[in-house]
Amino acid sequence: MKHDRLFSLDEANMLVPQIELVMERMQRIGIKIREEIEGLLQERGEEELPDLSTPELLRLRPSLAPLFENMAQAVQDIEQHGCLFKDLELGLVDFPAQVGDEEIYLCWQYGEKEIGYFHRQTQGFSDRRPIGEQPAKLRYQQ
């Protein structure tokens, strides 16, 4: 997959503090969403919700609407930089980059102060490898 923006390692690392702030906000929103859903489960006397569409869930718990909107805005805040939001629970964000002729992802996880890992675009978090294992210097396009 071709991306409009490719990051150098330095460019990606310069964005990490901003991305970290957004991810902190997302983590707090995620906690509130889980609390709302737990409250709904208790009210219904259930251990888990059946598969509900978002509109059905919002009908049952309207207080989730602003939380979902805030979460969507946070994802947009990350992706407007050219990064890819990957996972809330693990706190993952990928930065498209290039090694030789191959586009890869620099992989950042919430809590890491800088990017230390990468993986191929066809791979995921479990396949990430330390940056030192890359075969060539990362280059980027503006």
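Remarks
- Cα gyration tensor shape for segment 25-80, rounded if a/c is under 1.5, else prolate or oblate: prolate
- With all protein chains modelled, accessible area of residue 87 [1.4 Å, Å²]: 50
- Computed [θ] at 222 nm, helices only, for the chain once each DSSP H run of length n ≥ 4 contributes -39500 (n - 2.57): -14500 deg cm²/dmol
- Among 67, 41, 90: highest mean-square fluctuation, GNM of the chain, C-alpha pairs under 10 Å: 41
- Tilt relative to the chain, helix 64-79 - C-alpha long axis, 0 to 90 degrees, to 10: 0
- Fluctuation leader among 72, 97, 12 - the chain, Gaussian network, Cα springs under 10 angstrom: 72
- For segment 1-101, the list of trypsin sites (Lys or Arg not before Pro) that fall in a loop by DSSP and count at most 12 other C-beta atoms within 10 angstrom reads 2.
- The angle separating the long axis of helix 9-44 from the principal Cα axis of greatest extent in the chain is about 20 degrees.
- Shown here for segment 1-66: GluC sites (Glu not before Pro) in loop regions (DSSP other than H, G, I, E, B) with at most 13 other Cβ atoms within 10 Å, namely 46, 47, 48.
- Charge tally in the Cβ shell below 15 Å around residue 50, where Lys, Arg are +1 and Asp, Glu are -1, residue 50 excluded: -3
- Candidates 23, 71, 14, ranked by Gaussian network fluctuation over the chain, Cα under 10 Å, top entry: 14
- Overall form of segment 39-116 per C-alpha gyration tensor (a/c, 1.5; a/b vs b/c): prolate
The values are calculated or read from the model by the stated rules, or taken from the named source; none is laboratory data. Just so we're clear, the structure is a prediction, and the values are computed from it rather than from any experiment. Virtual Cβ from ideal backbone geometry, glycine too; neighbours counted across all protein chains shown. Only protein heavy atoms, including side chains, enter the accessible area calculation; ligands, DNA and RNA are left aside. Shrake-Rupley method; radii C 1.70, N 1.55, O 1.52, S 1.80 Å.
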